[in-house]
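Participant: Sharing a structure here in structure tokens format.
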């Protein structure tokens, strides 16, 4: 991969149910990262998709009385529809039932088989239907696995244990490979004990819905061996080597912490066997909770993102999800916290700033952006924050996956500008010094414009409206992008305040 390229992936989501806010969060996060890197001039690629094979999908289809493929064909568009509503601009949406993917999975299976990394054996152990994998005795005793049964059958195994020491060395020598630090330590702790081999097949007599093993027609491959390959099948491994070399290794793989084991152990060992470079970063974020409980269909506490969008608007939802969760930690969702964040950050601060500057410029300058005159220390402080502090801090925060802090830095500028307007009181100054009034309002409006550019990856629709009002279509973060003499456009309130009685 070239240094100026950015490639991000989400997990591919099971089509056994409709998407919920957990799916939305990860995918919005990937979209925000992609948009940010594009504003920095980096060539970027964003991959997402759906996982359509495996026992859970087969069971969901049977429950509906449908063939698995028909079930998948009906469910996959729900994700695309939601992503469109959430202003998510992915570059590729892969389905594991597509021929382009199935061919590559079989190619990979044949390669690890030819490498001597696959063997057949009879195995007896505990099998978790919910997790679609065999679990250890220790995991069985933990009580954390649902729908567990004892199975004894012949299967094919991947020699995962062969690569244990190599994986330990890689994790220890590359601190940024697994993030956050707590998840890295979790994986290192797991790797300190003997690593078993991975069962990568299911007999068709038990599960027929999957990709057939190229070396045994009586078996399909384990759904995780199938699913994980999407990250390379979509980018041309085994089919377009020039494209693959351009984009691989992936820059960031975003996952929820519940699938850390598959991505931080199964996936790297598979890549070792295939001779493919490992991802640069696997980042496991936390869960969205309601009342300190993980959202779960069985508990009935799933939040529907479409309902939130219908009620409050897409940008407000994107902003809340990105601002509220500290990456790597769990976060509680409630309508009360959503409304509080909306009113304080979006209505009172960001939206109010646009109303103030456009209103004052309309009143004192006929709606035309004034020409700034001589600057005072107070003006230079705002300019310095907008044109030096933010451009220095934001890239580091994004690189550290501290999205909430990057947003907070930008909102600090917005709050500072609101305070600056209060202290400078242009409505008083205008009585004696029109030129000074113009400098104050130009400074405040230009800072608002730069804040909108920095917030555009998070709130693409509303910031587009702000920049349109200000007559700026270049999204430049250099000070002076706001042109004196431009006529501001009329606009509706950006974020009308939500009355708490309504909620």
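The values are calculated or read from the model by the stated rules, or taken from the named source; none is laboratory data. Please read all numbers here as calculations on a predicted model, not as lab measurements. Don't worry about glycine lacking a Cβ; one is built from the backbone with ideal geometry, like all the others, and counts go over all protein chains shown.
Participant: Any idea which of 208, 273, 233 is closer than 28 Å to residue 70 by Cα and more than 24 Å from the chain's Cα centre (by Cα)?
Facilitator: Working: 273 fails: closer than 28 Å to residue 70 by Cα; 233 fails: more than 24 Å from the chain's Cα centre (by Cα).
Exactly one of 208, 273, 233 is closer than 28 Å to residue 70 by Cα and more than 24 Å from the chain's Cα centre (by Cα), namely 208.
Participant: Another question, then. What is the residue count in the stretch 33-56 for residues that are more than 30 Å from residue 402 (Cβ to Cβ) and touching a helix residue (DSSP H, G or I) at 6+ places or on another chain (Cβ under 6 Å)?
Facilitator: Residues of the stretch 33-56 that are more than 30 Å from residue 402 (Cβ to Cβ), as a first pass: 52-56.
Still in the list and also touching a helix residue (DSSP H, G or I) at 6+ places or on another chain (Cβ under 6 Å): 52-54.
Number of matching residues: 3.
Participant: Find the residue count for the stretch 473-486, including only residues that are within 23 Å of residue 375 (Cα to Cα) and surrounded by 13 or more Cβ atoms within 10 Å (Cβ to Cβ). Spell out how you get there, then give the answer.
Facilitator: So in the stretch 473-486, the residues within 23 Å of residue 375 (Cα to Cα) come out as 476-486.
Filter once more, so that each one left must be surrounded by 13 or more Cβ atoms within 10 Å (Cβ to Cβ): 476-477, 479, 481-482, 484, 486.
The total comes to 7.
Participant: Let me ask another. Is it the case that residue 34 is under 21 Å from the mean Cα position of the chain (by Cα), part of a helix (DSSP H, G or I) and closer than 30 Å to residue 245 by Cβ?
Facilitator: Working: under 21 Å from the mean Cα position of the chain (by Cα): yes; part of a helix (DSSP H, G or I): yes; closer than 30 Å to residue 245 by Cβ: yes.
Spelling it out, residue 34 is indeed under 21 Å from the mean Cα position of the chain (by Cα), part of a helix (DSSP H, G or I) and closer than 30 Å to residue 245 by Cβ.
Participant: Of all residues in the stretch 363-380 being assigned to a helix (DSSP H, G or I) and surrounded by 15 or more Cβ atoms within 10 Å (Cβ to Cβ), which is nearest to the chain's Cα centre (by Cα)? Show your work before the answer.
Facilitator: Narrowing the stretch 363-380 to residues assigned to a helix (DSSP H, G or I): 363-365, 377-380.
Among the residues that remain, those that are also surrounded by 15 or more Cβ atoms within 10 Å (Cβ to Cβ) are: 364-365, 379.
Details: 364: 44, 365: 43, 379: 37 Å.
Checking each candidate, the answer is 379.
Participant: OK, next. Exactly one of these conditions fails for residue 337: (1) touching a helix residue (DSSP H, G or I) at 6+ places or on another chain (Cβ under 8 Å); (2) closer than 23 Å to residue 35 by Cβ; (3) without any contact (Cβ under 8 Å) to a residue 24 or more places away in the chain. Give me its number.
Facilitator: Of (1) touching a helix residue (DSSP H, G or I) at 6+ places or on another chain (Cβ under 8 Å); (2) closer than 23 Å to residue 35 by Cβ; (3) without any contact (Cβ under 8 Å) to a residue 24 or more places away in the chain, only one is false for residue 337: (2).
Participant: Please work out if residue 209 is touching a helix residue (DSSP H, G or I) at 6+ places or on another chain (Cβ under 7 Å) and part of a strand (DSSP E or B). Talk me through it step by step, then tell me what you get.
Facilitator: Numbers: touching a helix residue (DSSP H, G or I) at 6+ places or on another chain (Cβ under 7 Å): yes; part of a strand (DSSP E or B): no.
Against the criterion (touching a helix residue (DSSP H, G or I) at 6+ places or on another chain (Cβ under 7 Å) and part of a strand (DSSP E or B)), residue 209 does not qualify.
Participant: While we're here: Output yes when any residue across the stretch 410-427 is touching a residue at least 40 places away in the same chain (Cβ under 8 Å), surrounded by 16 or more Cβ atoms within 10 Å (Cβ to Cβ) and not in a helix (DSSP H, G or I), and no when none is.
Facilitator: No: zero hits.
Participant: Is it the case that some residue within the stretch 149-156 is touching a residue at least 12 places away in the same chain (Cβ under 8 Å) and under 29 Å from the mean Cα position of the chain (by Cα)?
Facilitator: Filtering the stretch 149-156 down to residues touching a residue at least 12 places away in the same chain (Cβ under 8 Å) leaves 149-156.
From the residues that got through so far, the ones that are under 29 Å from the mean Cα position of the chain (by Cα) too are none.
No, there is no match, as no residue in the stretch 149-156 is touching a residue at least 12 places away in the same chain (Cβ under 8 Å) and under 29 Å from the mean Cα position of the chain (by Cα).
Participant: From the list 458, 466, which residue is closer than 30 Å to residue 307 by Cβ, at pLDDT 95 or above and not in a loop (DSSP other than H, G, I, E, B)?
Facilitator: Numbers: 458 fails: not in a loop (DSSP other than H, G, I, E, B).
Criteria check complete, one pass: 466.
Participant: For the stretch 322-362, what are the residues that are touching a strand residue (DSSP E or B) at 6+ places or on another chain (Cβ under 8 Å), part of a helix (DSSP H, G or I) and crowded, with 21+ Cβ neighbours inside 10 Å? Walk me through it before giving the result.
Facilitator: To start, the set of residues in the stretch 322-362 that are touching a strand residue (DSSP E or B) at 6+ places or on another chain (Cβ under 8 Å) comprises 324-325, 327-328, 330-334, 361.
When the remaining residues are screened for being part of a helix (DSSP H, G or I), the result is 324, 361.
361 - this is the single residue of the stretch 322-362 that is touching a strand residue (DSSP E or B) at 6+ places or on another chain (Cβ under 8 Å), part of a helix (DSSP H, G or I) and crowded, with 21+ Cβ neighbours inside 10 Å.
Participant: May I pose another question? Looking at the stretch 96-201, what strands (runs of 3 or more DSSP E) fall wholly within it and have at least 2 residues that are surrounded by fewer than 17 Cβ atoms within 10 Å (Cβ to Cβ)?
Facilitator: Working: elements: 118-128, 133-135, 148-158.
Ranges flagged: 118-128, 148-158.
Participant: Follow-up question, since we're still on this one. Of all residues being out of contact with any helix residue (DSSP H, G or I) (no Cβ under 7 Å at 6 or more places or on another chain) and touching a residue at least 24 places away in the same chain (Cβ under 8 Å) in the stretch 272-284, which is surrounded by the fewest Cβ atoms within 10 Å (Cβ to Cβ)? Just the residue, please. Lay out the reasoning, then the answer.
Facilitator: Going residue by residue through the stretch 272-284, those that are out of contact with any helix residue (DSSP H, G or I) (no Cβ under 7 Å at 6 or more places or on another chain) are 275, 277, 279-281, 283.
Narrowing further to those that are touching a residue at least 24 places away in the same chain (Cβ under 8 Å): 277, 279-281, 283.
Working: 277: 12, 279: 23, 280: 16, 281: 18, 283: 22.
Among those residues, the one meeting the criterion is 277.
Participant: Give 251, 269 a once-over and let me know the one that is touching a strand residue (DSSP E or B) at 6+ places or on another chain (Cβ under 6 Å), surrounded by 18 or more Cβ atoms within 10 Å (Cβ to Cβ), modelled with pLDDT of 95 or more and closer than 30 Å to residue 165 by Cβ. Step through it out loud before you land on a result.
Facilitator: Working: 269 fails: touching a strand residue (DSSP E or B) at 6+ places or on another chain (Cβ under 6 Å).
Exactly one of 251, 269 is touching a strand residue (DSSP E or B) at 6+ places or on another chain (Cβ under 6 Å), surrounded by 18 or more Cβ atoms within 10 Å (Cβ to Cβ), modelled with pLDDT of 95 or more and closer than 30 Å to residue 165 by Cβ, namely 251.
Participant: List the pairs whose first member sits in the stretch 115-140 and is under 14 Å from residue 157 (Cβ atoms), whose second member is in a loop (DSSP other than H, G, I, E, B), and whose Cβ atoms are under 6 Å apart, counting only residues at least 6 apart or on separate chains?
Facilitator: 117/159
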